[in-house]
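Asker: Pasting a structure below so you can have a look.
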Amino acid sequence: MKAVSISGFPRENVGKKDAKKNRNDGKVPCVLYGGKDQIHFVTDATNFKTLVYSPDAYTVKLNISNKEYDAVLQEIQFHPVADNILHVDFLEVFPDKPVTISIPIKHVGVPEGVLKGGKLVQKLRKVKIKALLADLPDDITVDVSALEIGQSIKISDVHRDNITFLDSPNAVIIGVRVTRAVVEETLVAGAVTAEGAAAPAVAAATPTAPAAKQKK
């Protein structure tokens, strides 16, 4: 999995007043936990552009006081009005311990059902997985070429080595839905077939008009 590097500096004070000052200076208060000790630090708000405002998933290389830590973004708090970042929690990860993370779903191919007038609908944009750091993929790619109208791919249909999927097995990832155009086309086709089948019976049931009598 791709990684982004973020440099930070230890916080001298951990109070609300200090946090507010840091935010006013364009910095974000953060905490790294999961290791031997919790580490409180600050980093520039611009460092989160790639990590937060992207559909991709990343691990993080944190450099704090010239010491590097492997981590993943665990929780992020936004201002309810201004939408700027208020606080970020990072979880330290280790090569021998599984990591839980959400990664994007991507699809390839053109479904058979779409070629027949159906509509491709993606229900899940990300899935939650658990794997060792070295086994984390950039994304989960599914082939949708064989999907017919009314068919879908669920979590239980996707299998990857060394990865555990944590979402419900019955959760639908992507599927092909019937469209109004397909329904109308089916109804019209059915009506034409029914009309064609009924036509001979109507003709047979119509009485033949009697021949006109000749005048004497």
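Asker: From (1) out of contact with any Phe, Trp or Tyr (no Cβ under 8 Å at 6 or more places or on another chain); (2) farther than 28 Å from residue 125 by Cβ, pick out the condition that doesn't hold for residue 35.
Answerer: (1)
Asker: Note down all Cβ pairs under 7 Å where the first residue falls in the range 5-30 and is assigned by TED's automatic domain parsing to the domain that holds residue 70, the second is of a type in the set (Asp, Glu) and in a helix (DSSP H, G or I), and they're at least six residues apart or on different chains.
Answerer: 11/18
Asker: Now, a different point. Specify which of the listed residues (145, 156) is assigned to a helix (DSSP H, G or I), more than 13 Å from the chain's Cα centre (by Cα) and without any contact (Cβ under 8 Å) to a residue 60 or more places away in the chain.
Answerer: 156
Asker: Tell me, yes or no, whether the range 154-177 has at least one residue that is surrounded by 13 or more Cβ atoms within 10 Å (Cβ to Cβ), of a type in the set (Gly, Ala, Ser) and modelled with pLDDT under 95.
Answerer: no
Asker: Additional query: Taking the condition of being among the basic types (Lys, Arg) and touching a Gly at 6+ places or on another chain (Cβ under 7 Å), how many residues in the range 133-181 meet it?
Answerer: Residues meeting the conditions: 1.
Asker: Which pairs turn up if I take residues in the range 35-53 that are in the same structural domain as residue 85 (by TED's automatic domain parsing) and within 16 Å of residue 23 (Cβ to Cβ) and look for partners that are among the charged types (D, E, K, R) and not in a strand (DSSP E or B) with beta carbon separation below 8 Å, at least 6 apart in sequence or on another chain?
Answerer: Between residues of the range 35-53 that are in the same structural domain as residue 85 (by TED's automatic domain parsing) and within 16 Å of residue 23 (Cβ to Cβ) and residues that are among the charged types (D, E, K, R) and not in a strand (DSSP E or B), the close pairs are 40/11; 41/11; 42/11.
Asker: Additional query: State all residues of the range 161-180 that are hydroxyl-bearing (Ser, Thr, Tyr) and either under 18 Å from residue 107 (Cβ atoms) or assigned to a loop (DSSP other than H, G, I, E, B) (or both); if no residue qualifies, say none.
Answerer: Listed by number, the residues that qualify are 168, 179.
Asker: Run down 42, 28 and say which single residue is farther than 30 Å from residue 163 by Cβ, more than 30 Å from the chain's Cα centre (by Cα) and β-branched (Val, Ile, Thr).
Answerer: 42
Asker: Here's a follow-up. Is it the case, given these coordinates, that residue 127 is assigned to a helix (DSSP H, G or I) and among the aliphatic types (A, V, I, L, M)?
Answerer: Here the answer is no, as residue 127 does not meet what is asked.
Asker: Shifting gears a bit: Going through 59, 50 one at a time, which residue ends up being out of contact with any Pro (no Cβ under 9 Å at 6 or more places or on another chain), among the polar types (S, T, N, Q) and either buried (at least 17 other Cβ atoms within 10 Å of the Cβ) or over 25 Å from residue 129 (Cα atoms) (or both)?
Answerer: Just one listed residue meets the conditions, 59.
The values are calculated or read from the model by the stated rules, or taken from the named source; none is laboratory data. All values reported here derive from a predicted model rather than from experimental measurement. Reconstructed Cβ throughout: ideal geometry from the backbone, glycine too, with neighbour counts over all protein chains shown.
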